[in-house]
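> My questions will all concern the structure given below.
All of the numbers you see were taken from the coordinates with simple rules; none came from a lab. The structure displayed is predicted, hence computed values, not measured ones. Quick reminder, even Gly has a Cβ in these numbers, built from the backbone with ideal geometry, and neighbours come from all protein chains shown.
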Amino acid sequence: MRVFREIRKVQPKRLFLAADGPREAIGGESELCSSTRDQIESMIDWDCSVKRLYREKNLGCKNAVCSAIDWFFSQVEEGIILEDDTLPSPAFFGFCNQMLSLYAKEPKVMAISGTNILVEWKSCAEDYIYSYYGGNWGWATWRRAWLLNDIKMSSWKRGRGIKQITKTLQCRTQARGLKKWFNTIDEGADTWDFQWFYTRLFHEGLSIVPTKNLISNIGFGMDATHTLSQSKFANLPHFNIQLPAKNNLSIKAERNFDKKNAEEYGLIKNQSDTTESIFKKLIKYFTSVRL
C-alpha cells in the first residue's frame with residue numbers, strides 16, 4: 001500500500017490498474033488478491049478515470065506483466081509504470097512527466113528510469129544522464145518504444161543478438177556477462193524485464209537515468225516472487241530532487257556509468273578488486289623472492 005499512497009498524493013487523471021490472478025498451488029492467495037484489490041479501490045478517492053485489468057487466473061510474471069503493458073499502451077501514447085514494490089520519491093512523477101514530454105519524438109531514447117542503482121552519480125553536473133543500463137523499478141516509456149519489445153527474443157535465438165549488444169555496449173566483456181542473463185529466457189525463466197532490457201540494447205535505445213536515485217525497491221524478502229533474499233539493491237535511499245530538471249543536451253551514453261553498473265551487477269570484474277588482487281599477487285611474489 002505504500003506505493004499506492006504515493007500515487008494517491010499526485011492524483012493522476014488517468015489510472016490503470018493491473019493485477020495477476022492467484023496461484024492455485026498457494027493456499028489463501030485468492031483471498032489475499034481480493035483483499036489487496038479491495039484496499040486499492042478504497043483508496044481511489046479523487047476524480048479520475050480508472051481502467052482495470054484484474055486477472056482471474058495466474059499468468060506468471062512474464063505473461064502477466066507484458067500483457068498488462070501491452071493493454072496499457074493500446075490506450076495511451078506514453079505513461080509511467082510502477083509495480084507494488086517500487087516506492088517512488090515525490091519528485092519521481094514530475095521527473096518522468098518532464099522527460100516524457102521532452103523526448104517524445106527522440107528515437108534514440110526508449111525509456112526513462114527512476115532507479116539509479118549507484119544512488120548518486122557525481123561524475124557530472126547534470127540532473128540526468130543517458131545509459132544503456134536504465135532500470136525497470138519505476139519507469140516510463142512511450143508506445144513507440146514498447147511496440148519494439150520482443151518477448152520471445154527471436155533475434156537472440158537467431159544469433160544476431162550477441163553481435164548487436166556488443167556493438168551497442170562497445171564492450172565484449174559486458175556482452176558476455178549479459179549472455180548468461182539472456183540465455184535464461186531459453187531455459188524458461190519466468191520474467192519480462194530481461195526481454196525489455198535486451199530490446200533496448202538491440203535497438204541501441206538509451207534510457208534516461210537521474211543522477212540521484214528516485215526509487216526504493218521495498219520488495220526484497222520471503223514474500224517476493226523473485227527477489228527472495230536480501231540484496232545491496234534493496235531499500236536504496238531515494239531523493240526529492242529539484243524540478244524541472246536541467247536539460248542534458250548531449251544525447252549519448254555515459255560509458256563510465258554503464259561500466260560501473262556492469263560491475264555492480266557482476267557482469268564484469270570490479271576494477272578496484274582486480275587491482276587489489278594484482279597487488280596481493282605482487283606482495284606474495286616479492287615475499288617468495290626474499291625467502
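> Among the listed pairs Lys105/Lys232; Lys105/Lys212; Lys157/Lys260; Lys57/Lys105; Lys122/Lys167; Lys57/Lys259, which are separated by more than 30 Å between their Cα atoms?
Violating the 30 Å limit, Cα to Cα: Lys105/Lys232; Lys57/Lys105; Lys57/Lys259.
> Ranked from highest to lowest mean number of other Cβ atoms within 10 Å per residue, what is the order of the peptides 66-74, 133-141, 192-200, 242-250?
With the highest mean Cβ count within 10 Å placed first, the list reads 133-141, 192-200, 66-74, 242-250.
> Moving on. Where does the stretch 19-175 land on the Kirkwood hydrodynamic radius, alpha-carbon pairs, in angstrom?
Details: mean 1/r = 0.0543 Å⁻¹.
One over the average 1/r among Cα pairs gives 18.4 Å for the stretch 19-175.
> Also, I was wondering about something else. Treat every Asp and Glu Cβ in the chain as -1 and every Lys and Arg Cβ as +1, leave all other atoms uncharged, and give the resulting dipole magnitude about the Cα centre to the nearest 20 debye.
It works out to roughly 1500 debye.
> By the scheme Lys and Arg +1, Asp and Glu -1, what is the net charge of all other residues having a beta-carbon under 14 Å from that of Leu214?
Around Leu214, the charge tally is -2.
> What does the helix-only formula give at 222 nm for the chain: each DSSP H stretch with n ≥ 4 adding -39500 (n - 2.57), the total divided by the residues, and the result rounded to the nearest 500 deg cm²/dmol?
Result for the chain, helices only: -12500 deg cm²/dmol.
> Could you estimate the translational diffusion coefficient of the stretch 18-75 from the Stokes-Einstein equation, with Rh from the Kirkwood formula over C-alpha pairs, at 37 °C and 0.692 mPa s, in whole µm²/s?
Once the numbers are plugged in, D ends up at 261 µm²/s.
> If you don't mind, there's one more thing I want to ask. Please turn the phi angles of the stretch 107-114 into ³J(HN,Hα) values with the Karplus equation 6.51 cos²θ - 1.76 cosθ + 1.60 (θ = phi - 60°), one per residue in order, whole Hz, x for glycine and proline.
Along the stretch 107-114, the couplings run x, 5, 9, 10, 7, 10, 9, x Hz.
> In whole angstrom, and with the biggest value first, how far do the Cα coordinates of the chain range along each principal axis?
77, 48, 38
> Take the chain, connect every pair of alpha-carbon atoms lying under 10 Å apart with a spring to form a Gaussian network, then pick out the residue of Thr86, Thr166, Thr36 with the largest mean-square fluctuation.
Most flexible of the set in this elastic network: Thr36.
> Taking the Cα centre of the stretch 1-58 as origin, work out the dipole magnitude from +1 charges on Lys and Arg Cβ and -1 charges on Asp and Glu Cβ, in debye rounded to 20.
Charge dipole, the stretch 1-58, about its Cα centre: 360 debye, nearest 20.
> What residue among Thr168, Met110, Leu201 has its Cα farthest toward the positive end of the dipole of the stretch 72-290, where the charges are +1 on Lys, Arg and -1 on Asp, Glu, each on the Cβ?
Thr168
> What's the magnitude of the charge dipole for the stretch 1-109 around its Cα centre, counting Lys and Arg as +1 and Asp and Glu as -1 at the beta-carbon? Answer in Debye, nearest 20.
Dipole magnitude for the stretch 1-109 comes out near 280 debye.
> Residue by residue through the stretch 81-98, what is 3J(HN,Hα) from phi via Karplus (6.51 cos²θ - 1.76 cosθ + 1.60, θ = phi - 60°)? Round to whole Hz and write x for glycine and proline.
Listing the rounded values in order: 10, 10, 9, 6, 10, 10, 8, x, 7, x, 7, 4, 5, x, 4, 4, 4, 5 Hz.
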